[in-house]
């Protein structure tokens, strides 16, 4: 992470350290050999080569702006709380008051999820889910995530201005990557992503699979109705139309509320969310949650038989396995984990195949982000690089899903533009405005040199 140059002592120490792994492997391999699924093991080995490429390439960061924010961060944090909380009134100084948040939710008629004790659930993932169905919650979610998780000095940026971190390959039960949320620019609050900026003459592209988990569910379950919904230009409105919630000509602009409700439902039920939680997540009520759940089960019965079967098999002691052999052994996990496994684990397989293909075709892969990748190329070559990357991602989806292809979307960022995240845009603007104001005050207060 520090980079060279290295002294002779450092070179020897690094080689000795790496050699110890090789020596250990030579002793371990004969013991493991009888149980190794060689074909799949070689795929995972090729993936580790791709991961090494990602960790070496890194993500270009606007270090000048990062340094400015670091210098003013203690003061900016205080001002940020006051700025965001003006619309909420839930902070006392820098302390979040649960009772005030409960009052705010009540005034906005938001049915916030509760803990078993009956107290509001304030976990970060709950705020994340609620901000999707209630956009007015998003600024508070970003603020809380910023205050609780953001440690700017932990963001590992080398002297060349690139953010490099351990990808954490195979870190989750599902085989998904688990990078450090503190060290990776994609880990903390989403406004931090605006620090990503290509170098002069270069460009970046953020490419993600469209509704990956919905597509995986549709194909693996064999539910043809769900497959048709996935292929629609707007799957969430397609679901709402089938449920009779919107007319045939409905658009995202004409029926934003209904679309948001059915989007939450379409994604949440894949993981086994119940009626009460679904009602809260959609900002409605348990009765509406039951109605949405009933509609989903009536429209996609084959999916539900397949999803229930995943749970039953695991509960009976059977090992769940992905298309490429990643396994989840039955244990103390709950039904939601078993329902979710096939979606996440096959999504991880898809990412591994895509990363292998992208790097082996000579594309500079900067980051792996759940169901998306970030690539870098010269500005005049970025369109070609994007086309190759999308081909690789499409092929990976076909390989995992038996010919069923998932769509991709690409966002290209050319110098001097920077990466932009819609959910973090307001916070990024607030931080910059407060930073400019702080620097202006500091300049006005600076002592004038004697003539």
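The values are calculated or read from the model by the stated rules, or taken from the named source; none is laboratory data. None of the values given here were measured: they were computed from a predicted structure. Because the Cβ atoms are built from the backbone with ideal geometry, glycine has one as well, and the counts that use them run over all protein chains shown.
Laid out as a table, the results:
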read-out: Qualifying residue in the stretch 91-109 (condition: in a helix (DSSP H, G or I), loosely packed, with under 11 Cβ neighbours inside 10 Å and without any contact (Cβ under 8 Å) to a residue 24 or more places away in the chain); value: yes
read-out: Some residue of the stretch 314-329 being in a strand (DSSP E or B) and surrounded by fewer than 18 Cβ atoms within 10 Å (Cβ to Cβ); value: yes
read-out: Identity of the residue in the stretch 199-237, touching a strand residue (DSSP E or B) at 6+ places or on another chain (Cβ under 8 Å) and either in a loop (DSSP other than H, G, I, E, B) or at pLDDT below 95 (or both), that ends up surrounded by the most Cβ atoms within 10 Å (Cβ to Cβ); value: 199
read-out: Residue 84 being surrounded by 19 or more Cβ atoms within 10 Å (Cβ to Cβ) and at pLDDT 95 or above; value: no
read-out: Close pairs from the stretch 317-334: first touching a residue at least 40 places away in the same chain (Cβ under 8 Å) and on the phi > 0 side of the Ramachandran plot, partner surrounded by fewer than 14 Cβ atoms within 10 Å (Cβ to Cβ) and not in a strand (DSSP E or B), Cβ under 6 Å, at least 6 apart; value: 325/37
read-out: Condition check for residue 305: surrounded by fewer than 16 Cβ atoms within 10 Å (Cβ to Cβ), more than 30 Å from residue 127 (Cα to Cα), modelled with pLDDT of 95 or more and over 28 Å from the mean Cα position of the chain (by Cα); value: yes
read-out: Test: residue in the stretch 43-57 that is farther than 30 Å from residue 376 by Cβ, touching a residue at least 40 places away in the same chain (Cβ under 8 Å) and either in a helix (DSSP H, G or I) or over 24 Å from the mean Cα position of the chain (by Cα) (or both); value: no
read-out: Condition check for residue 343: closer than 28 Å to residue 181 by Cβ and part of a strand (DSSP E or B); value: no
read-out: Matching option when the condition is without any contact (Cβ under 8 Å) to a residue 60 or more places away in the chain, outside any helix (DSSP H, G or I) and under 17 Å from the mean Cα position of the chain (by Cα), among 249, 187, 244; value: 187
read-out: Qualifying residue in the stretch 144-162 (condition: closer than 21 Å to residue 390 by Cα, in contact with a helix residue (DSSP H, G or I) (Cβ under 7 Å, 6 or more places away or on another chain) and part of a loop (DSSP other than H, G, I, E, B)); value: no
read-out: Test: residue in the stretch 121-139 that is more than 21 Å from the chain's Cα centre (by Cα) and surrounded by fewer than 18 Cβ atoms within 10 Å (Cβ to Cβ); value: yes
read-out: Given (1) without any contact (Cβ under 8 Å) to a residue 40 or more places away in the chain; (2) farther than 18 Å from residue 217 by Cα; (3) out of contact with any strand residue (DSSP E or B) (no Cβ under 7 Å at 6 or more places or on another chain), index of the condition residue 360 fails; value: (1)
read-out: Residue match in the stretch 378-392 (condition: surrounded by fewer than 23 Cβ atoms within 10 Å (Cβ to Cβ), in contact with a helix residue (DSSP H, G or I) (Cβ under 8 Å, 6 or more places away or on another chain) and not in a helix (DSSP H, G or I)); value: no
read-out: Residues that are in contact (Cβ under 8 Å) with a residue 24 or more places away in the chain, over 23 Å from residue 83 (Cβ atoms) and either assigned to a helix (DSSP H, G or I) or not assigned by TED's automatic domain parsing to the domain that holds residue 77 (or both), drawn from the stretch 110-131; value: 129
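This table checks each residue for (1) assigned to a helix (DSSP H, G or I); (2) in the same structural domain as residue 105 (by TED's automatic domain parsing); (3) surrounded by fewer than 17 Cβ atoms within 10 Å (Cβ to Cβ); (4) without any contact (Cβ under 8 Å) to a residue 24 or more places away in the chain.
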position: 253; (1), (2), (3), (4): no, no, yes, yes
position: 259; (1), (2), (3), (4): yes, no, no, no
position: 264; (1), (2), (3), (4): yes, no, no, no
position: 269; (1), (2), (3), (4): yes, no, no, no
position: 278; (1), (2), (3), (4): yes, no, no, yes
position: 284; (1), (2), (3), (4): no, no, no, no
position: 292; (1), (2), (3), (4): yes, no, no, no
position: 295; (1), (2), (3), (4): yes, no, no, no
position: 298; (1), (2), (3), (4): yes, no, yes, yes
